[in-house]
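Notes follow once the structure below has been shown.
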Amino acid sequence: QTKDEGRNNHYIFESDDTDYSLDKLIFESDMRRMIVFDQLEAYYQLQIDVQTEKVYGTEALIRWNHPEKGLLTPNVFLPIAEETGFIKEIDEWVLRNACQQTQEWRENGYPDLTISVNVSRPFFESVRFVDKVLAILEETKLPPQQLSLEISENTKITELTAAARQLLPLRDIGIKISLDDFGTGYSSIGQLKRFPIDHLKIDKSFVQESNGNDTDAELVKFIINMAKSLNFNIVCEGIETEEQLKLIREEGCHYAQGYFYGKPVTANECEELLAKWR
Ligand code: C2E
Ligand code: MG
Ligand code: MG
Ligand code: MG
């Protein structure tokens, strides 16, 4: 009996979590169909330059149009996709589609949008990762300067260091690297200084807790100023209110992303938003 068979048997016959396990098995097999049957869709959320009030770019965020369960957000299926390794295919699909879409926007009157794409650890650690990114840029004709790869700080620092090494050749040709979810992870300021990144994305939990609370507002200011002194471009996530926007703008944060400017939407809806901002 192979290890995999053993695992499947365990899923099916374990008495106390049978439903969950069966669900998960079905989910896993559904997942094999998601790409073939075109059930994935990239949503886009605006990133705004808060100093100039112009659109800087968008972040691609994956959604799964599940045939029975409806539209699913990543927190529902990415953990399982990560476990099964399927996430590599999802990430590659998103990267290709997002680059294609952004190139299309370039050709239709939005020449300098930056597209941010989340890359999971299994994807950026895979042997052909760099080749795949280069191939996708060549295929879609998107200039490397307009692609930003987001890696989550929520990764162990040894892995982050490995990631940095993986990403260096891409950074050398102009691709930007963002450290996502900053403040929820493991990096010390010393490590941060040596880490080859362009953008630091401050996790939404900080800004959201700053509402009307002086101590937390001080914390947001502190993080922004630390990031500035390390010469990073700063993106604040989760901006929902005018008050939050005012706070980060006054501290000199560069970019903002959040419901205040718009939720993640389909490519078509995003195009309408872009037209309004023009
Ligand atoms: P993330 O990369 O940190 O993306 C930001 C998340 O915050 C998105 O959730 C977005 O919808 C949400 N958000 C944006 N503005 C606001 C706001 O003002 N308020 C609140 N409450 N939330 C806001 P989403 O789309 O559910 O994605 C969750 C996470 O899933 C992402 O977090 C990212 O880590 C992961 N993810 C999404 N797409 C991909 C993908 O294509 N590949 C990989 N590997 N991970 C992905
Ligand atoms: Mg992200
Ligand atoms: Mg984030
Ligand atoms: Mg996050």
Original post:
Helix 157-172 sits at what angle to the longest principal axis of the chain, using alpha carbons and giving 0 to 90 degrees rounded to 10?
Top reply: 70
Subject >> Using θ = phi - 60° and Karplus 6.51 cos²θ - 1.76 cosθ + 1.60, couplings along region 44-50 (whole Hz; Gly, Pro as x) >> reply: 10, 10, 5, 10, 10, 6, 6
Subject >> For GLN166, net neighbour charge (Lys/Arg +1, Asp/Glu -1) across residues whose Cβ lies under 11 Å away >> reply: +1
Subject >> Mean separation of Cα contacts under 8 Å, 6 or more apart, over the residue count of region 89-145: relative contact order % >> reply: 46
Subject >> Estimated distance in nm for a label pair at ARG171 and THR84, the labels positioned 7 Å out from Cα along Cα-to-Cβ >> reply: 3.4
Subject >> Size of electric dipole in region 43-106: Cβ of Lys, Arg +1 and of Asp, Glu -1, about Cα centre, debye, nearest 20 >> reply: 160
**OP:** Work out from phi, with θ = phi - 60° and the Karplus expression 6.51 cos²θ - 1.76 cosθ + 1.60, the ³J(HN,Hα) of each residue of region 25-39, listed in order in whole Hz, and give x for Gly and Pro.
**Re:** 4, 5, 4, 4, 6, 4, 4, 5, 8, 4, 7, 4, 9, 6, 8
Original post:
If the cut-off is a Cα-Cα distance under 19 Å, which aspartates and glutamates reach LYS221, setting aside same-chain residues fewer than 8 apart in sequence?
Top reply: ASP49, ASP180, ASP181, ASP203, GLU209, GLU237, GLU240, GLU242, GLU243, GLU250, GLU251
Subject >> Size of electric dipole in the chain: Cβ of Lys, Arg +1 and of Asp, Glu -1, about Cα centre, debye, nearest 20 >> reply: 960
Subject >> Per-residue [θ]222 nm for the chain (sum of -39500 (n - 2.57) over DSSP H runs n ≥ 4, rounded to 500) >> reply: -16000 deg cm²/dmol
Original post:
From a point 7 Å beyond the Cα of GLU209 in the direction of its Cβ, which residues of region 219-250 have a backbone N at a distance under 19 Å?
Top reply: 219-227, 235-241, 244-245, 247-248
Subject >> Within-15-Å neighbourhood charge of ASP131 [Cβ basis; K, R +1; D, E -1] >> reply: -2
Original post:
Tell me, THR241, THR73 in order of fewest to most beta-carbon neighbours within 10 Å?
Top reply: THR73, THR241
**OP:** Give me the number: length gained by fully extending GLN145 to LYS54, i.e. 0.36 nm times residue separation minus the C-alpha to C-alpha distance, one decimal in nm.
**Re:** 31.0 nm
Subject >> Cα-based helix-to-principal-axis angle, 267-277 vs the chain, degrees rounded to 10 >> reply: 10
**OP:** Just subtract the alpha-carbon distance of ASP23 and LYS263 from 0.36 nm times their residue separation and send over the number in nm, one decimal.
**Re:** 83.4 nm
Subject >> In degrees, nearest ten, helix 74-84 long axis to first principal axis of the chain (Cα) >> reply: 50
**OP:** Classify the chain as rounded, prolate or oblate from the Cα gyration tensor: take a ≥ b ≥ c as the square roots of its eigenvalues, call it rounded if a/c is under 1.5, otherwise prolate when a/b beats b/c and oblate if not.
**Re:** prolate
Subject >> region 139-179 and region 71-128: distance between their alpha carbon centers, rounded to Å >> reply: 13
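No value in this document is a laboratory result; all are computed from the given coordinates. What you see is a predicted model; the values in this text were computed from it and never measured. Glycine also receives a Cβ, built like all others from the backbone with ideal geometry; neighbour counts cover every protein chain displayed.
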